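First the structure, in the form of structure tokens, and then the observations on it.
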Amino acid sequence: MRLRELVSEHRRAFRDKVVEIFAAKYKMNREQVLTEYNDVIERYIEEKYRGVESALAAIMSHNRPVVLSIIRDPCDENVCRICERDKPNIERLRQLYGDRIAFLVLFDSSPEAAIYHIIHREGEKLLPLCAVISSDGELVKYWTGRPVTVDEYREYLDPLCDEI
């Protein structure tokens, strides 16, 4: 599925949940909530998704396949050994593909890293998240909680680079 569609779907579901919470809290129906609190809800949603929209814009700005890595913030006192073990594989990809693909690294502490929850919706949330995204924003493949081998990346990147 395209990343933009995933973000829109997630945003819609989150908005519906917020409306339900307002309805329960103020003992109102959905229409009453939307009439009275729609502006507040929209501002809240906009603020919550600002980082996600920023990450999406960064991904889409490259106009070529993207390898996205969401890793532990290096300033965090807890080092993610798995994130560290993936770094040489990313460096090898940089050597192999050069400027035919883009690389985007997000730290888990940044607002943009909230895109993790849109990409990986089921199962345990583990770092790193590594994803291959096509030039048109299609989420081709992602992995979590382990280093990804160069061969695994190549399985998905080679076909995308052949299209360029």
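Taking 0.36 nm per intervening residue step and subtracting the Cα-Cα distance, what contour gain separates Cys161 from Met60 on full extension?
In short, 34.7 nm is gained.
Put +1 on the Cβ of every Lys and Arg and -1 on every Asp and Glu Cβ in the chain; which of Leu106, Ile82, Gln32 then has its Cα farthest towards the positive end of the dipole?
The residue sitting most towards the positive pole is Gln32.
For a quick check: with amide H placed at 1.01 Å from N, whose amide H comes under 5 Å from Arg72's, ignoring anything fewer than 5 positions away on the same chain?
Asp108
Within the stretch 105-157, report the GluC sites (Glu not before Pro) that DSSP leaves as loop and that have at most 13 other Cβ atoms within 10 Å.
Here the GluC sites (Glu not before Pro) that fit, given the DSSP loop and packing criteria, are Glu122, Glu124.
How big is the charge dipole of the stretch 3-48 about its Cα centre, in debye rounded to the nearest 20, if each Lys and Arg gets +1 on its Cβ and each Asp and Glu gets -1 on its Cβ?
The dipole magnitude comes to about 160 debye.
For the stretch 15-91, list log₁₀ I(q)/I(0) at each q in 0.14, 0.23, 0.24 Å⁻¹, using the Debye formula over Cα point scatterers of equal strength and ignoring solvent, two decimals each.
Listed by q, the Debye log ratios stand at -0.71, -1.02, -1.07.
Using modelled backbone amide H atoms (1.01 Å from N, in-plane), which distant-in-sequence or interchain residues come within less than 5 Å of Glu138's amide H?
Long-range HN contacts for Glu138: Leu3.
Suppose we keep just the DSSP beta bridges with both residues in the chain; what percent of those would be antiparallel, to 5?
65
Note down the magnitude of the dipole of the stretch 1-145 about its Cα centre, charges +1 on Lys and Arg C-beta and -1 on Asp and Glu C-beta and zero elsewhere, to the nearest 20 debye.
Its charge dipole is roughly 300 debye.
Once you list every other residue whose beta carbon is under 11 Å from the beta carbon of Glu46, what net charge do they have if Lys and Arg are +1 and Asp and Glu are -1?
+1
Helix 50-60 versus the longest principal axis of the chain: what is the Cα-based angle in degrees, 0 to 90, to the nearest 10?
40
Output the peptides 71-78, 7-14 sorted from most to least packed, where packing is the average of other Cβ atoms within 10 Å over each peptide's residues.
Packing proxy ranking, top to bottom: 7-14, 71-78.
Which residue, chosen from Leu96, Phe14, Leu56, occupies the Cα position most advanced towards the positive end of the dipole of the chain, where the dipole is computed from +1 (Lys, Arg) and -1 (Asp, Glu) charges on Cβ about the Cα centre?
Phe14
For the stretch 42-64 and the stretch 76-128, what is the centre-to-centre distance using only Cα atoms, to the nearest Å?
17
Please work out how much length the chain gains when fully extended from Lys125 to Arg15, using 0.36 nm per residue of separation minus the C-alpha to C-alpha distance, in nm with one decimal.
37.4 nm
A short reminder: the numbers here are calculations on the coordinates, not readings from a lab. Predicted, not measured: the structure shown is a model, and the values here were computed from it. Backbone-built Cβ (ideal geometry, glycine too); neighbour counts: all protein chains shown.
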